Structure formats: structure tokens, C-alpha cells
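The values are calculated or read from the model by the stated rules, or taken from the named source; none is laboratory data. Because the structure is a prediction, the values reported are computed rather than measured. Every residue, glycine as well, gets a Cβ built from its backbone with ideal geometry; the counts of neighbours run over all protein chains shown.
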Amino acid sequence: MKMNIKSNSTLFKSTILLVLLILFCPTGHAQTTLISEMDQLKWEKVMPGIWKASVGSMGLNPMDYANSPKTDAINELGDAPFPFAQEASRSLLTSNRASVRLPLDESEQIYGLGLEFEGINRRSEVYSLKVDHYGDIKGQTHAPVPFYISNKGYGVLINSAQRVKIHVGVSNRKDSNLPERIDRTTGKNWAARPLSDAVEASVEGGGMEIFVFSGETTLEIVQRYNLFFGGGIIPPKWGLGFWHRMHTQSRDKDILKEIEDFEANNFPLDVIGLEPGWQSFAYPCSFDWDKTRFPDPKNFVQTLDKKGIKVNLWENPYVAPVSTMYNDISPYTGSHTVWLGEVPDYTIPEAQKVLLNHHQKHHLDIGVSGYKFDEVDGYDVWLWPDHATFPSGNDAVEIRQLYGMMMMDMFDRHFKEQNQRTYNLIRSAYIGASNHNFVLYSDYYDHKGYVTALANSSLSGLLWTPEIRSADSAEEWIRRFQSVSFSPLMMLNAWYSSKKPWSFPEVTDMVRNTIELRMKLLPYLYTAFYEYNQKGIPPFRAMVLETGYDSQEKLEGSELDDAKNPYAEQKRLEVTDQYMMGPSILVAPVFTGQKERKVVLPIGNWFNFYNGEYAGNGETITIKTKLEEIPLFVKDGGIIPMLTTVDKNDSDQTLEVRHYGTKENTYLLYNDDGISYDYERDKYSLTELKSSKNTKGELTGSFNSLKENNYSYSNIVWRWMTMQH
């Protein structure tokens, strides 16, 4: 009997050892999935130049908070072939993760992946795409959109409400096309990040959808992506004017005095922003007016409206128990609080109804124009944890990724139902944001990073404002004002600084002139937003979307040095400090201390905006900076319609049409009422501006109303900025 027990014990131990060897042996089949054993993605063509594949199943779908495709506009772009070998696209679904592997050429450059403050090119990096306050982790931003663009003529969207982790040409499978192995000790050109032949993306659990957008140019890819989500927006005209946000504790009397000061200093003002103190309780929020600071909010808002000034209210989404809507919304809130305020589950229609009804009654009915939704991004120490629960049963991670999109979609639909356009601020966005009337902002404040973000945002269907809050010098003040004046939303956010546009007297005239220049460019900028809406072309866009642009990108620091550079890491030198505004203007902001700066001009003749002088062609130029000017350059044939004054009744005044260079060109000038959605019901004007050469080879200008109504410009004067020979 004892002998049998011992024998059985030995057999049992041997069996266990054999199982462990099979499971954990490095060559054991159970340990490795080869590329050939991964599932091949099955692509379905959904629209011209757009394909879709699926892996597993998803929970919340980000596309539920986006708008429907602009089918006709996508069809007008024409078809395009599938951009890479379909058999090279693979997927793997395990018990806890879904992943995809898409091919990548050795010379391919990758752009996009949402809002980032550093660099344009995403090659050889890993991004953890998490909606959060900006941080040191790549991909941890206010708008980590999982959409990338290749310079080889395609874009890829990973559609998932889970956090996407993406390896962009870094991390090599052992059965992939590996580069040459180099000994680090004795060899040359050893790389800590060996070149990979794929982009690999994954999400925890569930699954994902993969969309491929094909096109002849990088701009066409972005257009197709934007149009797939309904195109861009056309803001109300007041939204493109000057915004001024008051100190958080300002009272109604303080604001009325501030407006008088704007008038006395001859500064235009279109929007007043009220920060947390307008509410009876903030952090969390009551969403109710503070009766001490604003005893008669209706009279206050309507007084400003008579002056042509809109009111924008700051909020965060977390509900204080003292709110008059608390009892109604509390049944629809999650398990955890934020700043001790309850978190509404806006995947539930009843929760949306409570919020919108409250805002309609207390804000919109008295004339409030829109909102600034703060704190919908992070940090983890503030927001709900991943294990939080919500009454809908939806996953807390997915709700966090989409919370900003829920807010945008909800309020956009509500405003549109009233045929009222709005323009708002938010600190969180995701897939399909282009057709929402919101601009991103941040607590981040590096000027150069702001400009990089402005360019990057255009690659992911986002709008971004490099707001100004304060400055250490008059030079910094004017330089920041110049950047913000050439952005989607021109705003001084003085919520804590109490600064005014005239706070640095030595540059006050320069600041005023800069703001007025932006406002005179309204016809040009408004038309650019129309092109955004109709064709998906970003009104502000990165230079990599401009035909003929050479990024001048270089790598440095590749030499291995055990003390200074032990992993032979390279630093990518990129041009991120210039961008395009509309079809023809190149903007090159100047930063504090710069006496000169380089500008990379795309192929074709370019001219100085201010005097029409020739600047260069397909080259990098160095210019001397002027404190009073932000450098602007116009491409050959550029037609720039401008107002002659900053009067808000734009269609009643003389329109100056500037032409630069010697090329003939045609420009379609758009206009509408500037406040409603009547343009979707065919109530708008289109005027053809045409420059052509006569029999003597001299340029002449003409205009023709293609669609005429009350918004047509009636008095147009041409101005030839470049000397004619």
C-alpha cells in the first residue's frame, strides 16, 4: 500500500513537470502565435475610398456620438484603391485583448493620433491613447484620436471606446521582416528601436473596428475622414470675433465696467466668458446663477445682447447636491463622485433630458450663447476610477473616453433643434469631432507647444485655440496675441490674471491692430469654414497637408555614446511652428526673443501678405521679425477677400479683394446670416471672384453672383498686391 502511494506521487509529479514544460518551454507552440496563424482581416468597402474590418465585439461605439457621412461630398472625391496588401493585415483575439497588425514600409511617415504638443511625425513611437490631462505619456491628452495618416496615401482609424495602445513602426515580431542585427559593442549604427515593418494596435477585451481611408494626397485622406463624420462646422460669425473671459469672481457690475473699458480703449468685443463664480456653487457645479454676483441674470444677459456681445458659461459636468436639478439627475449618476459631485451617465436619455431642460430654462431662454465644458479629461486622482459603475451598465473606461463627445453631441443637437448656431470650448474630444461646434483648449501654456497643437489638431478632425492668459513681458504679450488671432478661436482667458488686451501699454496698438486684422479677414476665414463643412478641408491645417511642402525633417544624435547617449536614441528635428490658414495664407508665428526665424515655403511662388513682395519658391528662407507683425505669406494667385472695417454688418460694407502674384485664379466667396442653420435650407450666397489676364497679359478682376440673396457682398474692390509687369 505504501509502495503504491509513493508510485502514484512520483507519477503525479512527473505529469505536472511535463505539463509545465509544454506550457512554458520557449519553443512550446502554446507560447507563440505566428503572423501566419493570425486571422486575416476581412475588408468591406463601405464608401468610395473607405473600407471597414472588424475584430471581436465592442461595447459603446464612438460613432454613436458622431454625425452621419456627407455622402455626396465623399462621392465627389471619387474612388481610390485599397492602399496596401490586404493579406498583410492581420488580427488576433485573445481572452483579454484584441489586436491588429497593419503593414508599414521602411520609408513611410505617420502623422496624426490626435492632439499632441510635441512633433508631427509619429514613426518609431508608442502611444497610449487615453483621454486625460496632458502628461508625459505619449497619447495621454485631451483628444487622443486613434486615427493616423501615412504619407503613402491612406489613413487608418481604430474605432473603439476602449483605450487604444498603438506601436507605430516599433516592436518587432520574431517572424516579421527583421532588419539586420548589429552588435552593440563592436558594430556601428546599432539601434535601440530597430525599424519595424508594421503598425500594431490593441485594446483590452472586447474588440474594435478598423477603417481605412484612401486618397491621392494627405489632404484628401483628411477630407475623406472629416466627411465620413459629417464634414466640419460653420461657426456663427460672432464666434470668430474676439472673446474675453472674466476673472472667476467677477460680478455683473464688474463685467459691465469691463465692457465700458473695451469701448473706451476702442477694442472689439464679441463674447464675454463667465468662469466658475457665475454659479452658486462650483467644483462640483450647481449650474444655477449666484444671486449675489448676478441678482438679475436675465437682464444682465439681455443687456449684453443689445450691445452685440454674447455670453458663454463655464461648467464642469459634476453635480453638486445644492443644485436645483440634483434630485432629478441623481438617479442617473455613477458610483463615484468627482470633487464630491455626482457624475451623470449621459448614455441614458433621461439624464440628458434633465440637463438640457435645466440649461434651457435657466440659461438659453435668457440668451446664453454657449458653454465652456471643463474637467472632462482627467487626472485619475480627480475623475472616477476604471472600476466605477454606472446605471446604464456601460464600462467606466469607455464612458470616460467618450464623455466629452457625449457633451458635445448632446448640446449640438439641442441648439440645432432651435435653429441656433453655437460655438463652445471643451477639454475632451475623440473620434468624429469635426462636425461638433467645439474648440479644444488646455491648462498647458507653452507657446511653441500651442502652435504645434494647432497644426496637429487638423490631422484628426479637431479645432484648437492657443488662448492667451498672461505674459511676462510686452513682447510675449503681443506674440501670443498674434498666434491666438490666427487660430479657430481668438480668446483672452483672464479667469485668474484679470489681464486686459491693453495690460501692456507699449504694445496696445499692436494688439488692437492684430485683432482687427483677424476680424477684417472674416470673409476669407468664414469661407474657409464653409470649405471645411462642404469638403472636409481644415480651415487651419498642418503643412504636411500642403502640396509641394518639404518637411525638412532630420534626425540627430544617432551616435552611440555610453555616457551621453547609451541607447543611440535619435531626436527628430521637425518644422512645427508654421501652418496654413484657408487655401492661400501661410502663418509663421514668432516666439519671444526671436529676432529672426526660418520659414519653409512649399513649391510655387510665395509673397509677403503685407506688401506683396516676392518671398521665395520651394525653399527655406530666413526673415527678420517685426514686433508689430505676425509673418504671413500668400501663395501665387492667392485671392484674399477682406472687410475694410471691423463693422459686424459685413455684407453692407466695401469688400477689398487682394490678389497676390501673377497667376490667374478663381475663388468662391461664401456668406450667410451668420447665426442660424438656414444655410442648410439653401439660404446663403456664393460669389465667384476671378482674376484673369487680358490681351496685354495684365491681370483684371471680376465678380459674379452664382447664388444671390441678402447676404451677397454688393461693393467689391480689387487690390493688386504684386507689381504687374
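Within the range 328-349, can you find the residues that are surrounded by fewer than 21 Cβ atoms within 10 Å (Cβ to Cβ) and part of a strand (DSSP E or B)? If the condition is that a residue be surrounded by fewer than 21 Cβ atoms within 10 Å (Cβ to Cβ) and part of a strand (DSSP E or B), then 333, 334, 335, 336, 337, 338 are the ones that fit. Per the conditions (1) closer than 27 Å to residue 327 by Cβ; (2) touching a Leu at 6+ places or on another chain (Cβ under 9 Å); (3) small (Gly, Ala, Ser), the sole criterion not satisfied by residue 393 is (2).
Can you tell me which residues in the range 433-480 are aromatic (Phe, Trp, Tyr), assigned to a loop (DSSP other than H, G, I, E, B) and either surrounded by fewer than 19 Cβ atoms within 10 Å (Cβ to Cβ) or in contact with a Pro (Cβ under 8 Å, 6 or more places away or on another chain) (or both)? Passing the criteria: 444, 445. Of 368, 381, 397, 322, all but one fail to be within 25 Å of residue 163 (Cβ to Cβ) and at pLDDT 95 or above; the exception is 397. Among residues of the range 621-638 that are over 15 Å from residue 587 (Cβ atoms), those with a beta-carbon under 7 Å from a residue that is β-branched (Val, Ile, Thr) and part of a loop (DSSP other than H, G, I, E, B) at least six positions away or on a different chain give the pairs 636/662. Apart from one condition, residue 508 fits all of (1) of a type in the set (Val, Ile, Thr); (2) in a helix (DSSP H, G or I); (3) crowded, with 22+ Cβ neighbours inside 10 Å; the exception is (3). Going by the structure shown, is residue 529 aromatic (Phe, Trp, Tyr) and over 30 Å from residue 654 (Cβ atoms)? It is false that residue 529 is aromatic (Phe, Trp, Tyr) and over 30 Å from residue 654 (Cβ atoms). Counting only strands (runs of 3 or more DSSP E) that sit wholly inside the range 639-725, those with at least 1 residues that are surrounded by fewer than 16 Cβ atoms within 10 Å (Cβ to Cβ) are 665-671, 685-693, 699-707, 716-720.
Looking at this structure, is residue 551 polar (S, T, N, Q), at pLDDT below 65 and either surrounded by fewer than 19 Cβ atoms within 10 Å (Cβ to Cβ) or not in a strand (DSSP E or B) (or both)? For residue 551, the condition - polar (S, T, N, Q), at pLDDT below 65 and either surrounded by fewer than 19 Cβ atoms within 10 Å (Cβ to Cβ) or not in a strand (DSSP E or B) (or both) - is not met.
For the range 83-91, check the following and say yes or no: at least one residue is under 27 Å from the mean Cα position of the chain (by Cα) and among the basic types (Lys, Arg). Among the residues of the range 83-91, not one is under 27 Å from the mean Cα position of the chain (by Cα) and among the basic types (Lys, Arg), which makes the answer no. Would you confirm whether or not the range 281-301 contains a residue that is in the same structural domain as residue 371 (by TED's automatic domain parsing), in contact with a Phe, Trp or Tyr (Cβ under 8 Å, 6 or more places away or on another chain) and either on the phi > 0 side of the Ramachandran plot or surrounded by fewer than 13 Cβ atoms within 10 Å (Cβ to Cβ) (or both)? Within the range 281-301 (the criterion being in the same structural domain as residue 371 (by TED's automatic domain parsing), in contact with a Phe, Trp or Tyr (Cβ under 8 Å, 6 or more places away or on another chain) and either on the phi > 0 side of the Ramachandran plot or surrounded by fewer than 13 Cβ atoms within 10 Å (Cβ to Cβ) (or both)), the answer is yes, since at least one residue qualifies. Looking only at residues in the range 602-622 that are surrounded by 14 or more Cβ atoms within 10 Å (Cβ to Cβ) and in contact with an Asp or Glu (Cβ under 6 Å, 6 or more places away or on another chain), the one that is farthest from residue 542 (Cα to Cα) is 605. When residue 291 is tested against (1) of a type in the set (Lys, Arg); (2) part of a helix (DSSP H, G or I); (3) without any contact (Cβ under 8 Å) to a residue 24 or more places away in the chain, only condition (2) is not met. Considering only the range 555-563, I want to know if a residue exists there that is closer than 21 Å to residue 122 by Cβ, modelled with pLDDT under 95 and not in a strand (DSSP E or B). Within the range 555-563 (the criterion being closer than 21 Å to residue 122 by Cβ, modelled with pLDDT under 95 and not in a strand (DSSP E or B)), the answer is yes, since at least one residue qualifies.
Would you confirm, using the coordinates I've provided, whether residue 490 is at pLDDT 95 or above, buried (at least 24 other Cβ atoms within 10 Å of the Cβ) and either over 27 Å from residue 250 (Cα atoms) or not assigned by TED's automatic domain parsing to the domain that holds residue 149 (or both)?
Yes; evaluated as a whole, the condition is true for this residue.
Per-residue answers, yes or no, for (1) of a type in the set (D, E, K, R); (2) crowded, with 23+ Cβ neighbours inside 10 Å; (3) out of contact with any Leu (no Cβ under 7 Å at 6 or more places or on another chain):
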residue: 209; (1), (2), (3): yes, no, yes
residue: 212; (1), (2), (3): no, yes, yes
residue: 216; (1), (2), (3): yes, no, yes
residue: 219; (1), (2), (3): no, no, no
residue: 222; (1), (2), (3): no, yes, no
residue: 227; (1), (2), (3): no, yes, yes
residue: 230; (1), (2), (3): no, no, yes
residue: 249; (1), (2), (3): no, no, yes
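Among the residues of the range 218-268, just one is assigned to a helix (DSSP H, G or I), more than 30 Å from residue 149 (Cβ to Cβ) and small (Gly, Ala, Ser), namely 264.
Against the definition (more than 16 Å from residue 359 (Cα to Cα), β-branched (Val, Ile, Thr), in contact (Cβ under 8 Å) with a residue 40 or more places away in the chain and buried (at least 22 other Cβ atoms within 10 Å of the Cβ)), how does residue 259 come out, yes or no? Taking the combined requirement at face value, the residue does not satisfy it.
Every residue, every condition in (1) surrounded by fewer than 20 Cβ atoms within 10 Å (Cβ to Cβ); (2) closer than 14 Å to residue 436 by Cα, yes or no:
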{"position": "377", "(1), (2)": "no, no"}
{"position": "385", "(1), (2)": "yes, no"}
{"position": "394", "(1), (2)": "yes, no"}
{"position": "397", "(1), (2)": "no, no"}
{"position": "410", "(1), (2)": "yes, yes"}
{"position": "416", "(1), (2)": "yes, yes"}
{"position": "419", "(1), (2)": "yes, no"}
{"position": "423", "(1), (2)": "no, yes"}
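Taking (1) under 25 Å from the mean Cα position of the chain (by Cα); (2) not in a loop (DSSP other than H, G, I, E, B) in turn, residue 152 satisfies each apart from (2).
For the range 588-601, the criterion of being among the small types (Gly, Ala, Ser), outside any strand (DSSP E or B) and at pLDDT below 95 is met by none of the residues. In the range 186-206, the count of residues that are at positive phi and within 28 Å of the chain's Cα centre (by Cα) is one or more. Within the range 346-371, residues that are under 17 Å from residue 296 (Cβ atoms) have Cβ atoms under 8 Å from residues that are of a type in the set (Lys, Arg) and modelled with pLDDT of 95 or more in these pairs: 366/298; 367/298, counting only partners at least 6 apart in sequence or on another chain.
Does any residue of the range 170-192 turn out to be over 30 Å from residue 395 (Cα atoms) and in a strand (DSSP E or B)? Scanning the range 170-192 turns up no residue that is over 30 Å from residue 395 (Cα atoms) and in a strand (DSSP E or B).
In the set 52, 45, only one residue is of a type in the set (Lys, Arg), in a strand (DSSP E or B), surrounded by fewer than 19 Cβ atoms within 10 Å (Cβ to Cβ) and touching a residue at least 60 places away in the same chain (Cβ under 8 Å); that residue is 52. Pairs are defined by a Cβ separation below 7 Å, a sequence spacing of at least 6 or placement on different chains, a first member in the range 111-122 that is outside the structural domain of residue 433 (by TED's automatic domain parsing) and more than 17 Å from residue 154 (Cβ to Cβ), and a second member that is part of a strand (DSSP E or B) and among the β-branched types (Val, Ile, Thr); the pairs so defined are 114/141; 115/141; 116/141. Can you find a residue in the range 193-214 that is outside any helix (DSSP H, G or I), closer than 25 Å to residue 435 by Cα, of a type in the set (Gly, Ala, Ser) and modelled with pLDDT of 95 or more? Yes, there is a match, as at least one residue in the range 193-214 is outside any helix (DSSP H, G or I), closer than 25 Å to residue 435 by Cα, of a type in the set (Gly, Ala, Ser) and modelled with pLDDT of 95 or more.
Annotation: of all residues in the range 575-584 being within 14 Å of residue 485 (Cα to Cα) and of a type in the set (A, V, I, L, M, F, W, C), the one that is surrounded by the fewest Cβ atoms within 10 Å (Cβ to Cβ) is 581.
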